[in-house]
1. With Ala244, Ala240, Ala253 as the choices, which residue is more than 30 Å from Ile106 (Cα to Cα), among the hydrophobic types (A, V, I, L, M, F, W, C), touching a residue at least 40 places away in the same chain (Cβ under 8 Å) and not assigned by TED's automatic domain parsing to the domain that holds Val144?
2. Find the helices (runs of 4 or more DSSP H) located wholly in segment 1-78 whose residues include 3 or more that are modelled with pLDDT of 75 or more and closer than 30 Å to Ile101 by Cβ, and list them.
3. Would you check if Arg232 is outside the structural domain of Val139 (by TED's automatic domain parsing), part of a loop (DSSP other than H, G, I, E, B) and not acidic (Asp, Glu)?
4. Taking Ala204, is it of a type outside the set (Asp, Glu), touching a residue at least 12 places away in the same chain (Cβ under 8 Å), in a helix (DSSP H, G or I) and out of contact with any His (no Cβ under 9 Å at 6 or more places or on another chain)?
5. Which of the residues spanning segment 223-267 are touching a Pro at 6+ places or on another chain (Cβ under 7 Å) and at pLDDT below 95?
6. With of a type in the set (A, V, I, L, M, F, W, C) and surrounded by fewer than 22 Cβ atoms within 10 Å (Cβ to Cβ) as the only criterion, which of Leu120, Leu91, Leu95, Leu128 stands out?
7. Return yes when Asp197 is acidic (Asp, Glu), part of a helix (DSSP H, G or I) and over 25 Å from Glu70 (Cβ atoms) and no when it is not.
8. Given the structure, is Arg35 over 23 Å from Ala165 (Cα atoms) and either loosely packed, with under 15 Cβ neighbours inside 10 Å or among the small types (Gly, Ala, Ser) (or both)?
Amino acid sequence: MISEFTRVPLAEIRARLEAVSAPGERERMTENLRRDPRSGARSLAAWVDRRERARRIERDRLLRFFSRRERLLQSGVKFVAGTDEVGVGPLAGPLVAAAVIFPREIEFDALSGLDDSKRLTRKVREALDLEIRRQACAVFVAEVSSADVDRLNTVRASLAAMKRAISGLSLRPGHVLVDARTILDLGIPQTALVHGDALDASIAAASIVAKVHRDAWMCRLDERYPGYGFSRHMGYGTPAHLAALDRLGPCPAHRRSFAPVSRALAR
């Protein structure tokens, strides 16, 4: 049987395939390509098969990534939140935490690539941040200033930031999945997961939202306090940042309790 696409340019067929959302229609088109006498058409069918196989693998990964949340929902919990913080180690800038609640039904294909924020490129993080915010029932971001990090210490500041993020959600979660730590006096059942941003999708989503928010904040600080390179190293103690501290001294965004900053102050 001759393919219905025999006289259609391959570029047009590929564009049609990209636009198709119904799996049944995509399968019908792919089967027609397999019967097409052109080698390019058959190569296009093979490309579709590879893409669909990769999509199924990624969907299965995401189902496993959301499995803790799914078990909690099945147990009767209505809303499950994930929370994580970023910016514990930098010499400057706020410590930021985010909390995220996804709806029961999730568009997994649109969240392809969701992972611990540290494993992702900036471009992928920013795209996923937009998608997480689009799909989420509730998102909240909380900040702890450099001065409050100095006052509280990093552990207490991390817990305070995550607690504020959860409290700020427009929906009250029935259970919270937390990266590594147990939040004191939360008043909501919680599960602390070591390396949670690599083990649970809700925590990973919170890590992405927090990271994108903090990176944007550091870019604004770079404009306010030029010379330190905040938009490049995000406040971490890189050689370039340490050299700028020696040259310029600390700015108001620096954490005075951190040794390289206190040494620069002493000089």
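The values are calculated or read from the model by the stated rules, or taken from the named source; none is laboratory data. As the structure is a computational prediction, the values presented were derived from the model and not from experiment. Here the Cβ is made from the backbone with ideal geometry for all residues, glycine too, and neighbour counts use every protein chain on show.
1. On the way: Ala244 fails: touching a residue at least 40 places away in the same chain (Cβ under 8 Å); Ala240 fails: touching a residue at least 40 places away in the same chain (Cβ under 8 Å).
Going through Ala244, Ala240, Ala253 in turn, the sole match is Ala253.
2. On the way: elements: 10-19, 23-35, 39-65, 67-74.
Result: 39-65, 67-74.
3. No; evaluated as a whole, the condition is false for this residue.
4. Criteria met by Ala204.
5. Once the filter is applied, which keeps residues that are touching a Pro at 6+ places or on another chain (Cβ under 7 Å) and at pLDDT below 95, segment 223-267 yields Ala264, Leu265.
6. After applying the criteria, what remains is Leu120.
7. For Asp197, the condition - acidic (Asp, Glu), part of a helix (DSSP H, G or I) and over 25 Å from Glu70 (Cβ atoms) - is not met.
8. no
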